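Please read the structure below before turning to the comments.
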Amino acid sequence: MIRIGIVGAENSHTVAISRLLNIEKKVPGCRIVCVWGEAPGYARDAVERGAIPEIVKTPEDMIGKVDAAVVDHRHPKEHLPAARPLLEAKIPLFIDKPFCYRVKAGKAFLARAKQLKVPVCSFSAQPKQAAAVALRKEAKKLGRIVSVITTGPCDIRSKYGGVFFYGIHQIDQLVRLLDAPVTHVRVNLGKKNHTATLFSAGGAISTANFISDVRPPFHVSVIGEKGRIDRQIVRDAHPHLVGTRTFCRMFKTGKTDETEQSMLMPVAVLEALEKSIKTGKKVKVPSI
């Protein structure tokens, strides 16, 4: 059995993942054996609702008790500092979305993981949903992509990292659909709802609609030289299952389909979006 620890219990994903592995047993051979929480109440709640056997006092206390770990904070600035001792102990890691808060720190972390030969992956669950996977497959028939337009809930003033907190769901989907990296962004501020314009190296101009006064379902439009696709991204019956299976597969095999580009490009775009929100200007996306 692969013993997994979870660092962070404030995020709802902790209980969702624990229930899938410990109660519903959706992934054979993988169990959550311990959790660390940002506050005692969060940890106790995760233990009770996720059937987790043990609470540890520090993330480092997981070393020797686990074969792999999930790092699952609400604010991405907490991810890499918490994950680093586990990385140095050569523990495989799934770092929940977004992977990190700054591209520079993420590049250094992944370089160290490569040096230590420790598998690491990170992704939003949204692009893993069956509707999103089907959309990407259909989009390949459109030829050159001219524009991607996404819509979804996002509070750019969230205390959990502003645009990073929920913006990752749209941005991760958007960059996976484009033919070329995003080079510049500009945010157009409204009272409660906002749009971001994303400029790609290949010439595509895309839009992300960040809505906060209502909670709309995620929607994606892809426009290519051969037509367009418009699709609501319906959540799977078990929205966290495919993601959980994905990182558990990495824990078992040591291999992941995620790359430095796929993990850091969404962070780079979000970092630029954050700066544009503050300055009101068009901002260059940090290089990967």
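Filter K107/K281; K159/K284; K140/K226; K26/K137; K192/K282; K104/K252 down to the pairs with a C-alpha to C-alpha distance above 18 Å, please. Beyond 18 Å: K107/K281; K159/K284; K26/K137; K192/K282; K104/K252.
The residues of the range 1-146 present an accessible area of 43 Å² per residue when probed at 1.4 Å with all protein chains retained. Only protein heavy atoms count here; under a 1.4 Å probe, H184 has an accessible surface of about 60 Å².
The figure for M263 is an accessible area of roughly 10 square angstrom, using a 1.4 Å probe on the protein chains alone. Going by the alpha-carbon gyration tensor, a ≥ b ≥ c the square roots of its eigenvalues, is the range 116-211 rounded (a/c under 1.5) or, if a/c is not under 1.5, prolate (a/b greater than b/c) versus oblate? It is oblate, given that a/c is not under 1.5 and a/b is not larger than b/c. Among C30, G224, F99, whose Cα sits farthest toward the positive end of the charge dipole of the chain (+1 at Cβ of Lys/Arg, -1 at Cβ of Asp/Glu, about the Cα centre)? Comparing the listed Cα positions along the dipole, G224 ranks first.
Which order do L21, L178 take when ranked by solvent-accessible area (1.4 Å probe, heavy atoms of all protein chains), largest first?
The most accessible residue leads, giving L178, L21.
Taking all Cα pairs closer than 8 Å and separated by 6 or more residues, the relative contact order of the chain comes to 19 percent. Per-residue accessible area (protein heavy atoms, 1.4 Å probe) orders V163, V234 as V234, V163, starting from the largest. Take the alpha carbon gyration tensor of the range 143-262, find the square roots of its eigenvalues, order them as a ≥ b ≥ c, and report rounded if a/c is under 1.5; if not, report prolate when a/b exceeds b/c, else oblate. The shape class here is oblate. Helix 40-50 and the long axis of the chain differ in direction by around 90°, with both axes built from C-alpha atoms. On the range 49-106, 53 percent of the accessible area sits on carbon and sulfur atoms, based on a 1.4 Å probe. Scoring 81-87, 9-15, 268-274, 55-61 by mean Cβ neighbours within 10 Å over their residues and listing the highest first yields 268-274, 9-15, 81-87, 55-61.
The values are calculated or read from the model by the stated rules, or taken from the named source; none is laboratory data. What you are looking at is a predicted structure, and each value in this text was computed from that prediction instead of being measured. Cβ sites come from the backbone with ideal geometry, for glycine too, and all protein chains shown count toward neighbours. Heavy atoms of the whole protein, side chains included, go into the accessibility calculation; ligands, DNA and RNA do not. Shrake-Rupley method; radii C 1.70, N 1.55, O 1.52, S 1.80 Å.
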